[in-house]
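So the structure is just underneath, and the comments pick up after that.
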Amino acid sequence: MAATATYDLRFDAGRLCLDLVATVGGRLSEEPVERLDTPERLRAWLAGAGLVPGGTGLDAVDGGWLGRFHAARALLHRVVHAEIAGAAADPDLERLNGLASTAPPVVRAVRAPDGTLVRTGVGAPDCGALLGRIARDAVDLLTDPVARGQLRQCEGETCSLVYLDTSRGRRRRWCSSEVCGNRERVARHRRRAVESQAS
Ligand SMILES: [Zn+2]
C-alpha cells in the first residue's frame, strides 16, 4: 500500500533551501504530491518560509515565478542528493552558483507606531532575488562541514526528504516523527497484527 503524502506546506527541514525541496511530498511513491501547484500556493510558501516580510504584496507572483521556482527546486534536489551520495555534477554546481549570484532582496528595519522594529521590503519582491537567497542558503549549507554532517535522508518508505538532524545524539530517522515516523509505527503495528493472526 502506497502511503499518501499530505498537501500541507511544511517548513521543518531545518534550512530554507531544504524546505523548498520538501514542497514535493512522497517522492518515492507512485503519486508524489506537488505542494507548489499554483501561484497562490507559492505566495503562501514565500510568506510561510519568511522569505518576504509580513504584509508584502505578492501580486507579481504568477505562473512564470512558479516555473522558475520549480526549476530551482529540481536543481536543489539534484545537488543536495548528489552531494549526500557523493558529488554533484559540475554543470549543476554552475547553475546553483548562477542562481546564488543575484543580489538579495533589500530589507529595512522600520519603527512601527508601537515602538517595535519591523522588517519591511523595498519595492516589489523580485523572483530572481528571492531565488538567489535560497540558492545562497544551499551554498552556505553545502560548504559548511558541520551542517553537511547533519544532512539526513528520511527513512520513510516513500519519502526521500532531506533534513538537518540537529537532535542530540544525531539519531533522528525521519523528516517528521508525526508524519513518516508515525506512518512507520502504524505499519509496524499492522505487520505484527497480521503475523500474530497467521501464527
Ligand atoms: Zn519523511
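In plain terms, the chain is cut at each of the trypsin sites (Lys or Arg not before Pro) found in a DSSP loop with at most 13 other Cβ atoms within 10 Å, and the longest leftover piece is 1-167.
So if we plug the beta-carbon distance of Ala89 and Arg190 into 1/(1 + (r/R0)^6) with R0 = 45 Å, what FRET efficiency do we get, rounded to 0.05? Mind dumping the intermediate values first?
Working: r = 40 Å, r/R0 = 0.90.
So the FRET efficiency works out to roughly 0.65.
Cα-based radius of gyration for region 65-155, normalised by 2.2 N^0.38 Å, reads 1.34.
Determine the dipole magnitude for region 16-151: charges of +1 sit on the beta-carbon of Lys and Arg, -1 on that of Asp and Glu, nothing else is charged, the reference point is the Cα centre, and the result goes in debye to the nearest 20. For region 16-151, the charge dipole is close to 360 debye.
Residue separation times 0.36 nm, minus the C-alpha to C-alpha distance between Gln197 and Val146: what's the value?
Details: separation 51, 0.36 × 51 = 18.36 nm, distance 4.75 nm.
Extending this stretch completely gives an extra 13.6 nm.
Between Val106 and Ala129, full extension at 0.36 nm per residue minus the direct alpha carbon distance yields a gain of 7.4 nm. Put simply, the amide H of Leu151, placed in the peptide plane, has neighbours under 5 Å in Asp165, leaving out anything fewer than 5 places away on its chain.
Can I get the semi-axes of the chain's equivalent ellipsoid? Compute them from the C-alpha gyration tensor as square roots of 5 times the eigenvalues, in angstrom, largest first.
In descending order the semi-axes read 34, 20, 17 Å.
Note on region 16-151: dipole from Cβ charges, positive end direction compared against Leu16, Pro53, Ala85; the farthest Cα belongs to Pro53. Remark: spin-label model distance Glu157-Phe11 equals 3.2 nm, labels positioned 7 Å along the Cα→Cβ axis.
Scalar couplings 3J(HN,Hα) for region 116-125, obtained by applying the Karplus form with A = 6.51, B = -1.76, C = 1.60 to θ = phi - 60°, are 7, 8, 10, 7, 10, x, 10, x, 6, x Hz; x denotes Gly and Pro. Between Glu34 and Arg68, the simple spin-label model (points 7 angstrom out along Cα→Cβ) gives 1.9 nm. Taking the C-alpha atoms only, the angle from helix 63-85 to the longest principal axis of the chain is near 50 degrees.
Could you list the GluC sites (Glu not before Pro) in region 94-158 that lie in coil according to DSSP, counting only those with at most 16 other Cβ atoms within 10 Å of their Cβ?
Details: sites: Glu94, Glu155, Glu157; in loops: Glu155, Glu157.
Of the GluC sites (Glu not before Pro), the ones in loops of region 94-158 whose Cβ has at most 16 other Cβ atoms within 10 Å are Glu155, Glu157.
A short reminder: the numbers here are calculations on the coordinates, not readings from a lab. Remember, predicted model here, so these are calculated numbers, not experimental data. All Cβ positions, glycine included, derive from the backbone under ideal geometry; neighbour counts span all protein chains shown.
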